[in-house]
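Visitor: Please see the structure below; I have some questions.
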Amino acid sequence: MLVFLKWLLLIPIELSSSIIAKALCPVLPFFVDPKTNRLPDWLAWFRTLHCDADGDPDHRAKHPGTGFFATWWRRTTWLWRNSAYGFSLSVLGVQTRPSDFLKTIGNPEAGDSVRIPGYCNRYLYRNKKLLAFHWYGVWFYHVLSYEGCIRWSFGWKLWNRLGEVAQFHCYFNPFKAIRRVDR
């Protein structure tokens, strides 16, 4: 039960860091190292772990261009989308171990990008003590010509990768648009 209280108490800290990060998003791209396309170590709280400041392949495709403004915009929008990513990972995250036990309830395949409705709740145990949880779900709907979903993710991102840090997460979007797929 304490893990749920801990998560609730961390929400204001995460929210504050997110607000600060969003305010800094337009300035942060000016500090990106041109050789690595990553923010320097002293700005690690604002960078993502697996992608540089230009984002993942989908983000780069949505925001193409190599000019000054195009590059600045792509980086600003990536850092906005992933605001304070490093902070929620390194400061608020939970270090998992390969020896931990991960209990999964629901459909691990559920997700908006694969268009599979459902939920997946995960609970991380160490020595039979609950250490972290992750409640994730998606529900699709269609209203007139709008296709959307309700998506939620609460807890720490436990994606079956034990031995890594599970990122703190608090996300709820009742109006997430779904990209249309040409048939």
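The values are calculated or read from the model by the stated rules, or taken from the named source; none is laboratory data. As the structure is a prediction and not an experimental result, all values here were calculated from the model. Note that we place each Cβ from the backbone using ideal geometry, even for glycine, and neighbour counts take in every protein chain shown.
Visitor: Residues in segment 140-155: is at least one in contact (Cβ under 8 Å) with a residue 40 or more places away in the chain, within 22 Å of Lys6 (Cβ to Cβ), assigned to a strand (DSSP E or B) and under 15 Å from the mean Cα position of the chain (by Cα)?
Guide: Of segment 140-155, the ones in contact (Cβ under 8 Å) with a residue 40 or more places away in the chain are 154-155.
Now narrow it down to the ones that are within 22 Å of Lys6 (Cβ to Cβ): 154-155.
Right, trim to assigned to a strand (DSSP E or B) and you get 154-155.
Now restrict to residues that are under 15 Å from the mean Cα position of the chain (by Cα): 154-155.
Yes, the conditions are met somewhere in segment 140-155.
Visitor: What is the residue count in segment 22-56 for residues that are over 16 Å from the mean Cα position of the chain (by Cα) and under 22 Å from Glu164 (Cβ atoms)?
Guide: Number satisfying all stated conditions: 5.
Visitor: Further, regarding this structure: Those residues that are buried (at least 16 other Cβ atoms within 10 Å of the Cβ) and either farther than 20 Å from Phe30 by Cα or aromatic (Phe, Trp, Tyr) (or both), I need them from segment 73-95; list them, please.
Guide: Correct list: Trp78, Tyr85, Phe87, Ser88, Leu89, Leu92, Gly93, Val94.
Visitor: Ok, one more. Pairs only if they're at least six apart or on different chains, beta carbon under 7 angstrom, first in segment 168-179 and free of Cβ contacts under 8 Å to residues at least 60 places away in the same chain, second part of a strand (DSSP E or B); list them, first residue then second.
Guide: So the pair list comes out as Tyr171/Trp152; Tyr171/Ser153; Phe172/Trp152; Asn173/Arg151; Pro174/Ile150; Phe175/Gly148; Ala177/Gly148.
Visitor: Hey, another quick one. Suppose we keep only residues that are in a loop (DSSP other than H, G, I, E, B) and charged (D, E, K, R) within segment 167-182. Which one would you say is modelled with the lowest pLDDT? Step through it out loud before you land on a result.
Guide: As a first pass, look at segment 167-182 and keep what is in a loop (DSSP other than H, G, I, E, B): 167, 178-182.
Cutting the leftovers down to charged (D, E, K, R) gives us 179-180, 182.
Numbers: Arg179: 60, Arg180: 54, Asp182: 45.
Checked segment 167-182; the qualifying residue modelled with the lowest pLDDT is Asp182.
Visitor: Of the conditions (1) outside any loop (DSSP other than H, G, I, E, B); (2) more than 18 Å from the chain's Cα centre (by Cα); (3) in contact (Cβ under 8 Å) with a residue 40 or more places away in the chain, Ala132 fails just one. Which one is it?
Guide: (2)
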